[in-house]
Amino acid sequence: MSVTVGRRVFTHFCSAHWRKLSTRTRIVRFSSAANDKSSNLEENARNGMPACEPGKIFAAVLKKFSEPLVIENLEPVKMLQANEVLIDVHYCALNASDALLAKNMYTYEPSLPMVLGYEFAGKLVQIGEEAEKQGYKVGDKVVALNKERYGGLAEQCVAEVNDIWKIPSEIKSVNAVGVLDHYVTALAALERQANLQEEDIILINVGISGIGLAAVDLATNVFRAQVISVCATEEGAALARDKGVLASLKFKDRQLLKQIEEAAAEKDIKEIFKDADGEYFKKVLKCFTNIYKSDVMLKELLRDDNFGVVVYQLSREGRAIIAGSAITEDMDSKESENGFGISGFNLREYRKKKPKEYRQAGDDVIQFIEEGSIKPTFALTVGLPKVNDALEFILNNKSPGKVIVDMKDR
């Protein structure tokens with residue numbers, strides 16, 4: 001009996017003591033949380049992140065060319081058109097055109113202020129009538145190619161239903177976000193112009209282009225062709241080798257022809273630059289390699305509408321295919337001094353002229369990811385506060401791999 005009383009007393013003491021201790025602990029934790037919040041606000045201020053305003057969304061806004069993007073609170077979209085969807089953006093891929101637009105070096109001058117980013121992934125939070133008819137529902141994971149609207153560097157973005165694709169549950173959004181633009185461009189160009197076949201030999205001028213690297217991946221691992229790649233940097237050449245190419249070369253003007261001949265000879269394509277056929281082939285190749293000598297090399301190499309494909313039938317040695325970044329000319333311009341010109345592939349125009357083929361190419365690329373047929377290259381992932389570092393990464397030719405902004409990482 002005495003033991004029981006003793007236990008009761010002890011229990012009561014411990015309970016009372018714990019209540020006091022718990023109260024003090026809660027106070028300490030509250031104080032710590034306040035300090036953490038204050039520290040986070042200070043860190044965000046240093047990174048250019050403003051305080052979050054209720055009912056608004058964060059966006060990185062281009063206000064002046066060649067100046068850092070400014071992160072601001074913006075009003076979210078209230079109403080949708082029937083053919084539109086609203087996406088809660090989780091990841092936004094930055095492309096070369098974003099970097100060029102920020103510097104006013106792109107093929108057109110945009111109106112400012114502007115929210116960059118046209119390739120992004122997230123979840124549907126609102127859907128219009130057309131999206132509902134096509135089977136989309138709130139909560140679906142999607143990836144978007146918003147090449148007409150941009151706006152992906154915001155926590156929410158509107159897109160047309162024909163510019164979004166569902167992401168299969170097996171694929172993480174971060175692995176799908178940086179794939180469509182480059183791979184759809186390369187796939188459509190190779191299918192439309194080259195009719196690439198297994199064991200064909202194709203020379204791809206990667207330069208520093210993510211489209212070129214995507215073309216290497218597709219040609220090697222989907223079409224099963226034999227690829228010789230030419231890159232601006234040794235890092236790019238190494239990335240192409242990882243795709244399984246026949247040969248990957250860093251551009252060296254005086255050695256390039258010899259290196260290509262040696263690689264081609266391994267497939268019994270000999271004396272590829274001999275006689276009249278070879279001379280003509282050299283002239284075609286020059287349109288691609290001249291891009292390294294251009295006074296505006298960076299601008300030309302980063303453009304997304306200068307991916308060209310040329311197929312030439314060598315009389316004795318079979319087909320010769322050259323693809324990749326090139327010095328291109330408009331279709332209505334006069335012929336070059338060589339008697340031909342190369343027109344780049346423009347995905348925006350392809351979307352308008354062949355919408356069904358455009359949609360199918362996107363479906364095919366997503367299927368390739370799901371099957372593991374292609375292996376997209378990602379170079380850098382940063383949080384929203386580091387968005388300006390990401391743009392500089394692209395402009396400094398760091399890698400042809402994709403640059404991703406994690407919109408939820410602040």
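The values are calculated or read from the model by the stated rules, or taken from the named source; none is laboratory data. Please read these numbers as outputs of a predicted model, since none were measured by experiment. Here the Cβ positions follow ideal geometry from the backbone for every residue, glycine too, while neighbour counts run over all protein chains shown. Note: areas computed on protein heavy atoms with side chains; ligands, DNA, RNA excluded. Shrake-Rupley method; radii C 1.70, N 1.55, O 1.52, S 1.80 Å.
Tallying residues that are open to solvent by 10 Å² or more (accessible area, probe 1.4 Å) and either under 15 Å from the mean Cα position of the chain (by Cα) or not hydrophobic (A, V, I, L, M, F, W, C) (or both) within the range 95-105 yields 3. Checked against the criterion of being small (Gly, Ala, Ser) and touching a Gly at 6+ places or on another chain (Cβ under 8 Å), the candidates Ser373, Ser399 yield just one match: Ser399. Looking only at residues of the range 250-284 that are open to solvent by 20 Å² or more (accessible area, probe 1.4 Å) and within 30 Å of Gly372 (Cβ to Cβ), we find that the one that is modelled with the highest pLDDT is Lys250.
Among residues of the range 182-210 that are in contact (Cβ under 8 Å) with a residue 12 or more places away in the chain, those with a beta-carbon under 7 Å from a residue that is of a type in the set (Val, Ile, Thr) and in a loop (DSSP other than H, G, I, E, B) at least six positions away or on a different chain give the pairs Tyr183/Ile374; Ile201/Ile269; Ile208/Thr233. Taking each residue of the range 128-139 that is closer than 9 Å to Val85 by Cα and part of a loop (DSSP other than H, G, I, E, B) and looking for partners that are small (Gly, Ala, Ser) and open to solvent by less than 90 Å² (accessible area, probe 1.4 Å) with beta-carbon atoms closer than 9 Å, six or more apart or interchain, yields Gly128/Ala82. Considering the conditions (1) under 20 Å from Pro385 (Cα atoms); (2) in contact (Cβ under 8 Å) with a residue 40 or more places away in the chain, Glu75 is excluded by exactly one of them, (2). Looking only at the range 361-387, filter to residues that are in a helix (DSSP H, G or I) and in contact with a helix residue (DSSP H, G or I) (Cβ under 9 Å, 6 or more places away or on another chain); which one of those is nearest to Pro50 (Cα to Cα)? Restricting to residues being in a helix (DSSP H, G or I) and in contact with a helix residue (DSSP H, G or I) (Cβ under 9 Å, 6 or more places away or on another chain), the top hit is Pro385. Report whether or not Ser333 is modelled with pLDDT of 90 or more, part of a loop (DSSP other than H, G, I, E, B), surrounded by fewer than 19 Cβ atoms within 10 Å (Cβ to Cβ) and on the phi < 0 side of the Ramachandran plot. Judged against the criteria, Ser333 is not a match.
For the range 158-175, a residue qualifies if it is open to solvent by 10 Å² or more (accessible area, probe 1.4 Å) and either outside any loop (DSSP other than H, G, I, E, B) or without any contact (Cβ under 8 Å) to a residue 40 or more places away in the chain (or both), and the qualifying residues are Val158, Glu160, Asn162, Lys166, Ser169, Lys172, Ser173, Val174, Asn175. Among the residues making up the range 177-194, those that are over 16 Å from the mean Cα position of the chain (by Cα) and open to solvent by less than 10 Å² (accessible area, probe 1.4 Å) are Ala188, Ala189, Leu190, Ala194. For the range 107-118, enumerate the residues that are surrounded by fewer than 22 Cβ atoms within 10 Å (Cβ to Cβ) and touching a residue at least 60 places away in the same chain (Cβ under 8 Å). Within the range 107-118, just Thr107 meets the criteria. Of all residues in the range 331-354, those that are farther than 18 Å from Asp304 by Cβ and of a type in the set (D, E, K, R) have Cβ atoms under 7 Å from Cβ atoms of residues that are modelled with pLDDT of 55 or more and assigned to a loop (DSSP other than H, G, I, E, B), 6 or more apart or on another chain, in Glu335/Gly341.
When the range 396-410 is filtered for residues that are surrounded by fewer than 23 Cβ atoms within 10 Å (Cβ to Cβ), over 14 Å from Leu213 (Cα atoms) and modelled with pLDDT of 85 or more, the ones remaining, listed by number, are Asn396, Asp406, Lys408, Asp409.
Number of residues in the range 216-235 that are open to solvent by less than 30 Å² (accessible area, probe 1.4 Å) and farther than 18 Å from Ala264 by Cβ: the value is 3.
Matching residues to (1) modelled with pLDDT of 95 or more; (2) more than 28 Å from Leu395 (Cβ to Cβ); (3) part of a strand (DSSP E or B):
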| position | (1), (2), (3) |
| --- | --- |
| Arg192 | no, yes, no |
| Glu198 | no, yes, no |
| Val206 | no, no, yes |
| Leu218 | yes, no, no |
| Val227 | no, no, yes |
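Pick from the range 236-248 the residues that are among the aliphatic types (A, V, I, L, M) and more than 24 Å from Leu298 (Cβ to Cβ): which of them is most open to solvent (accessible area, probe 1.4 Å)? Applying the filter and picking the extreme gives Leu246. Scanning the range 66-124 for residues that are polar (S, T, N, Q) and under 21 Å from His182 (Cα atoms) returns Asn95, Ser97, Thr107.
Quick one: count up the residues across the range 69-94 that are open to solvent by 30 Å² or more (accessible area, probe 1.4 Å) and over 20 Å from the mean Cα position of the chain (by Cα).
11
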